[in-house]
1. Out of A108, L150, L131, whose Cα points farthest toward the positive end of the dipole of segment 60-165 (charges: +1 Lys, Arg; -1 Asp, Glu; placed on Cβ)?
2. For I129, what accessible surface area do you get with a 1.4 Å probe? Give it in Å², rounded to 10.
3. Rounded to the nearest 5, what % of the DSSP beta bridges within the chain are antiparallel ones?
4. Can you give me the solvent accessible area of S26 with a 1.4 Å probe, rounded to the nearest 10 Å²?
5. Charges at C-beta only: +1 for Lys and Arg, -1 for Asp and Glu. How large is the resulting dipole of segment 83-134 about its Cα centre, in Debye rounded to 20?
6. Taking the Cα centre of the chain as origin, work out the dipole magnitude from +1 charges on Lys and Arg Cβ and -1 charges on Asp and Glu Cβ, in debye rounded to 20.
7. Just to check, using Stokes-Einstein with a Kirkwood Rh over alpha carbon pairs, what's the diffusion coefficient of segment 82-165 at 4 °C and 1.567 mPa s in µm²/s?
8. Pop a pseudo-label 7 angstrom from the Cα along the beta-carbon direction at both V149 and A46 and give the gap in nm to one decimal.
Amino acid sequence: MNNLIRGVNEVRLVGENIEPGVYKFSDALRLAEEQEVDLVEISPNAEPPVCKLMDYGKFLYQQKKREKELKAKSTQITVKEIRFGPQTDEHDYEFKRKNAEKFLKEGAKLKAFVFFKGRSIIYKEQGQILLLRLAQDLEEYGKVEALPVLEGKRMIMYIAPKKKK
């Protein structure tokens, strides 16, 4: 009905079980009713507008189904963070290492960083040693994506999980 309002009296018709060509709008509607399908406008800017005979509900259903399959195939990568201080003691380090190991086993990416407060920035080397030690301890679960880099008051390192065979 939309086309009647705009004053279009001819449409180019395509679709299954139909001879492609230019039809009067009323004939195109009649053909759609006979075949129990919808008359869908595909290209409104063409001269004359292009319409297709199709089951629009079925088309929408298949499109949603296709999108759902694509979404299921794509994997969501989560990034888990672990924060250290430049002078983290052994027990805290082991606790955080175990958590990091668990995150990598679950398939999450790991962002480990050392946060320097105030004057603790003078311990940059200790922070770097701590992160490299963590990378070495987690070698069998993940690979280092980016070596420790100092960004402002944080020294950051990324570890990606190893692919399961």
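The values are calculated or read from the model by the stated rules, or taken from the named source; none is laboratory data. Not measured: the values here are computed from a predicted model. Note that we place each Cβ from the backbone using ideal geometry, even for glycine, and neighbour counts take in every protein chain shown. Ligands, DNA and RNA are excluded from the accessible area calculation, which covers all protein heavy atoms including side chains. Shrake-Rupley method; radii C 1.70, N 1.55, O 1.52, S 1.80 Å.
1. Highest projection toward the positive end goes to A108.
2. Answer for I129: close to 110 Å² accessible.
3. If I count the DSSP bridges inside the chain, around 70 percent turn out antiparallel.
4. 70
5. The calculation lands at about 260 debye.
6. Roughly 1200 debye, rounded to the nearest 20.
7. The estimated diffusion coefficient comes to 101 µm²/s.
8. Result: 5.0 nm between the two label points.
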